[in-house]
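Below is one structure, written out as structure tokens; comments come after it.
The values are calculated or read from the model by the stated rules, or taken from the named source; none is laboratory data. This one's a predicted model, so the numbers in the text were calculated from it and none came from an experiment. Here Cβ is always computed from backbone atoms with ideal geometry, including for glycine, and neighbour counts include all displayed protein chains. Note: areas computed on protein heavy atoms with side chains; ligands, DNA, RNA excluded. Shrake-Rupley method; radii C 1.70, N 1.55, O 1.52, S 1.80 Å.
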Amino acid sequence: MSKKKRKLPELPDFNDQEGSDKAIDYMIKESIERTKEEKPYLQEHVQKIQNSRGAGLESAIMSEQVIKAILIYMGWEEDKVLSLSYGRKIDEIIKILEKNLMKDEWRDETIKNLRRIKGLRNIYAHVPGDYESGILRLDPSENYYKKEEKEFRSKSLEEMNEIFEDLEKDIMKRTMEILKKLAPIREKERHKIK
């Protein structure tokens, strides 16, 4: 099927406001129609990506609240914690785990999953949709992904959503375990201060 070539409208005389407005309205309508023809999936993809971003970022906010509480419990000032980005809060929790807990499979898996959810949250927040390929995914261009986020680069939106959901459940479960493991350490520190 050959695409018919559209003739671009003549540029309006910008001294003629009414003519200028009509020409601009025509160009906008023409652009919308062309987009609908060339990318019939666009509206559906935009909607699905927006829904996924919303759900993903909402999940990140939930885990962020628990992480904030852990940092405060571990002695951070609340104002300082509130000023940290999501990624910095994750980085600080990782430092606390590395400093206070023995290296073992649970600690390593927790740190790995914290890094993965941090990366996914950043991807959902900052990577535009891939509206050119017709595939329902976020833009796979390398420049949008940090080295540790490459595993997510070419995944479909559905795969990313499943990973995010699984990680969010895992992190929420692990944060309770983090508190249990750090509580005795924090209590010892409090007794030393007194």
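Cβ-Cβ distances below 9 Å connect the following pairs, each with a first residue in the range 158-172 that is over 23 Å from residue 108 (Cβ atoms), a second residue that is of a type in the set (A, V, I, L, M) and open to solvent by 30 Å² or more (accessible area, probe 1.4 Å), and a separation of six or more residues or different chains: 158/136; 161/55.
Does residue 101 count as over 19 Å from the mean Cα position of the chain (by Cα) and modelled with pLDDT of 90 or more? Yes. For the range 160-189, the tally of residues that are more than 22 Å from residue 89 (Cα to Cα) and either buried (at least 17 other Cβ atoms within 10 Å of the Cβ) or over 14 Å from the mean Cα position of the chain (by Cα) (or both) stands at 3.
Under the condition of being closer than 19 Å to residue 173 by Cα and hydroxyl-bearing (Ser, Thr, Tyr), which residue from the range 41-98 is modelled with the highest pLDDT? Among those residues, the one meeting the criterion is 86. Residues in the range 37-50 that are open to solvent by less than 90 Å² (accessible area, probe 1.4 Å) and assigned to a helix (DSSP H, G or I): 42, 45, 46, 48, 49. Residues of the range 62-76 that are of a type outside the set (Phe, Trp, Tyr) and out of contact with any Leu (no Cβ under 7 Å at 6 or more places or on another chain): 62, 63, 64, 65, 66, 67, 68, 69, 71, 72, 75.
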